[in-house]
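S.K.: Input: one structure, supplied below.
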Ligand SMILES: Cc1cc2nc3c(=O)[nH]c(=O)nc-3n(C[C@H](O)[C@H](O)[C@H](O)COP(=O)(O)OP(=O)(O)OC[C@H]3O[C@@H](n4cnc5c(N)ncnc54)[C@H](O)[C@@H]3O)c2cc1C
């Protein structure tokens, strides 16, 4: 009798666990479907850059790829197979590929041949122009780790050519940009005993320098030439910048700052690189310019005032202020949220379209909460007409709107250095 009771109890418990699991599984699948329907009108379901590529013939639909993604719902499982839901959020961590039990996922790019904004490069990062290389984010692949790997790869290829410059006015390699890709390339040049120069328009460190204060930088372990491994998977912005600053000092990297390169031309066998009034000559060039480009401007009266900024690095600085954020992408929305979190700010966000498109779900949800509580005031279909010392004027469908203002943050993207690349002869997708 007792044995029968234990048997029954086990059966009931087993059934309860199975039913619970089944209901949860079913709900999750339904959420993925709804999420995809939600996201389609925003076009985020179409990849722009790196994203998971799923081999449907192998995929078992277990969903471990979707669960593990640190960026949210890049993937989901629909009709028993993994599918792209929000590939625009993918930054290439590759966790999905690592956990897939049947290796059905690889991280790849949209077809480069069809993308007019992606330069064509080979496995050594070399462009169609022989001895001209593109590394890091400029090539379309994000993440610090990838930039470091590509900087090494390009310089290893350059060093495999045994000829060295014998003219001290000609460098073996000029590296343009001192972000992670440029610093890694410089370390590799030191390691291979190449003559080199790094030309950087601002200061060494690249995009990391512009991350918000104390931002957690996610990293997959990667090895830098001479220095060794960056082992941890998380660093703060300040920690990782300090590492790069120490590297520059310890290895006395030949970086010249405040050098904005405006022209790269191959003339016979050498490259001419022009920055301001200076001209440099090199046998090889590594472009490590990133994709931030030059921030787009509003081109309105009053924009030159110091109260206008093109990025927000430390929201804590702004308290008790009237603030305007201009733009409708993730960086604008993140800036508005960070400012609204501070004490006594009035934050207005001006966007030229009728609603926000293409923003991350996490940002969209947070924004909704801040709008609902009145901490962020959105003004859609609006354009900045004028920026004065204590106010700004927006053009809206209802007419001119004047609002009090202490600071303006213009987050409307940047212009890529494509002109310089095309001038150097670099081919892009769709042109080959
Ligand atoms: C908000 C944000 C968060 C991110 N978080 C992470 C994260 O957590 N983990 C991660 O791995 N990655 C993250 N990334 C991505 C990472 O920052 C980039 O992939 C990486 O910085 C690319 O390195 P890079 O060297 O190719 O370019 P960059 O870091 O952009 O460096 C390019 C350098 O080139 C210089 N330059 C540009 N044009 C010229 C010119 N004409 N002349 C001279 N110099 C020039 C620039 O001043 C800059 O210093 C994030 C990016 C952003 C925007």
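The values are calculated or read from the model by the stated rules, or taken from the named source; none is laboratory data. Quick caveat: nothing in here was measured; it's all calculated off a predicted structure. Here the Cβ positions follow ideal geometry from the backbone for every residue, glycine too, while neighbour counts run over all protein chains shown.
S.K.: Quick check on residue 113: is it assigned to a helix (DSSP H, G or I) and away from the ligand (no atom under 16 Å from the Cβ)?
M.R.: On the way: assigned to a helix (DSSP H, G or I): yes; away from the ligand (no atom under 16 Å from the Cβ): yes.
Yes, satisfied.
S.K.: Hey, another quick one. Is it the case, given these coordinates, that residue 387 is on the phi < 0 side of the Ramachandran plot, at pLDDT 95 or above and touching a strand residue (DSSP E or B) at 6+ places or on another chain (Cβ under 8 Å)?
M.R.: Answer is yes for this residue.
S.K.: Against the condition more than 16 Å from the ligand (Cβ to nearest atom), buried (at least 16 other Cβ atoms within 10 Å of the Cβ) and in contact (Cβ under 8 Å) with a residue 24 or more places away in the chain, how does residue 326 come out, does it pass? I'd like the intermediate steps shown before the answer.
M.R.: Numbers: more than 16 Å from the ligand (Cβ to nearest atom): yes; buried (at least 16 other Cβ atoms within 10 Å of the Cβ): yes; in contact (Cβ under 8 Å) with a residue 24 or more places away in the chain: yes.
Spelling it out, residue 326 is indeed more than 16 Å from the ligand (Cβ to nearest atom), buried (at least 16 other Cβ atoms within 10 Å of the Cβ) and in contact (Cβ under 8 Å) with a residue 24 or more places away in the chain.
S.K.: Here's a follow-up. Across region 197-215, what is the total count of residues that are assigned to a helix (DSSP H, G or I) and either in contact with a strand residue (DSSP E or B) (Cβ under 8 Å, 6 or more places away or on another chain) or crowded, with 18+ Cβ neighbours inside 10 Å (or both)? Let's see the steps before the verdict.
M.R.: To start, the set of residues in region 197-215 that are assigned to a helix (DSSP H, G or I) comprises 206-210.
Applying the additional criterion that residues be either in contact with a strand residue (DSSP E or B) (Cβ under 8 Å, 6 or more places away or on another chain) or crowded, with 18+ Cβ neighbours inside 10 Å (or both) yields 206, 208.
Residues flagged as assigned to a helix (DSSP H, G or I) and either in contact with a strand residue (DSSP E or B) (Cβ under 8 Å, 6 or more places away or on another chain) or crowded, with 18+ Cβ neighbours inside 10 Å (or both) within region 197-215 amount to 2.
S.K.: When region 216-233 is examined, which residues are found to be at pLDDT 90 or above and either closer than 25 Å to residue 294 by Cα or assigned to a strand (DSSP E or B) (or both)? Give the steps one after another, and end with the answer.
M.R.: Just the residues of region 216-233 that are at pLDDT 90 or above, to begin with: 222-232.
222, 223, 224, 228, 229, 230, listed by residue number.
S.K.: In contact with a strand residue (DSSP E or B) (Cβ under 9 Å, 6 or more places away or on another chain), crowded, with 21+ Cβ neighbours inside 10 Å and within 30 Å of residue 266 (Cβ to Cβ) - does that describe any residue in region 157-164?
M.R.: yes
S.K.: Collect the residues in region 69-88 that are touching a strand residue (DSSP E or B) at 6+ places or on another chain (Cβ under 9 Å) and within 18 Å of residue 33 (Cβ to Cβ), keeping them in residue-number order.
M.R.: 69, 74, 75, 76, 77, 81, 82, 83, 84, 85, 86, 87, listed by residue number.
S.K.: Still on this structure, I have one more. Name the strands (runs of 3 or more DSSP E) wholly inside region 378-432 in which the number of residues that are exposed (fewer than 15 other Cβ atoms within 10 Å of the Cβ) is 2 or more.
M.R.: Details: elements: 383-387, 391-396, 399-404, 407-410.
Once the strands (runs of 3 or more DSSP E) in region 378-432 are filtered for at least 2 residues that are exposed (fewer than 15 other Cβ atoms within 10 Å of the Cβ), what remains is 399-404.
S.K.: Would you point out which residue out of 312, 289 is modelled with pLDDT of 95 or more, assigned to a loop (DSSP other than H, G, I, E, B) and within 16 Å of the ligand (Cβ to nearest atom)?
M.R.: The match here is 289.
S.K.: From the set of residues in region 77-107 that are over 23 Å from the mean Cα position of the chain (by Cα) and surrounded by fewer than 19 Cβ atoms within 10 Å (Cβ to Cβ), which is farthest from residue 24 (Cα to Cα)?
M.R.: 103
S.K.: Could you tell me which numbered condition residue 295 fails, if it satisfies all but one of (1) under 30 Å from residue 131 (Cα atoms); (2) more than 16 Å from the ligand (Cβ to nearest atom)?
M.R.: (2)
S.K.: Conditions: (1) over 30 Å from residue 81 (Cβ atoms); (2) outside any strand (DSSP E or B); (3) in contact with a helix residue (DSSP H, G or I) (Cβ under 9 Å, 6 or more places away or on another chain). Residue 101 meets all but one. Number of the miss?
M.R.: (1)
S.K.: Only one residue in 104, 156 is away from the ligand (no atom under 14 Å from the Cβ) and not assigned by TED's automatic domain parsing to the domain that holds residue 267. Which one?
M.R.: 104
S.K.: Filter region 202-230 for residues that are on the phi > 0 side of the Ramachandran plot and near the ligand (Cβ under 9 Å from one of its atoms); which is farthest from the chain's Cα centre (by Cα)?
M.R.: 205
S.K.: While we're looking at this one, here's another question. Looking at (1) free of Cβ contacts under 8 Å to residues at least 60 places away in the same chain; (2) more than 22 Å from residue 291 (Cβ to Cβ); (3) in a strand (DSSP E or B), which is the one condition that is false for residue 189?
M.R.: (3)
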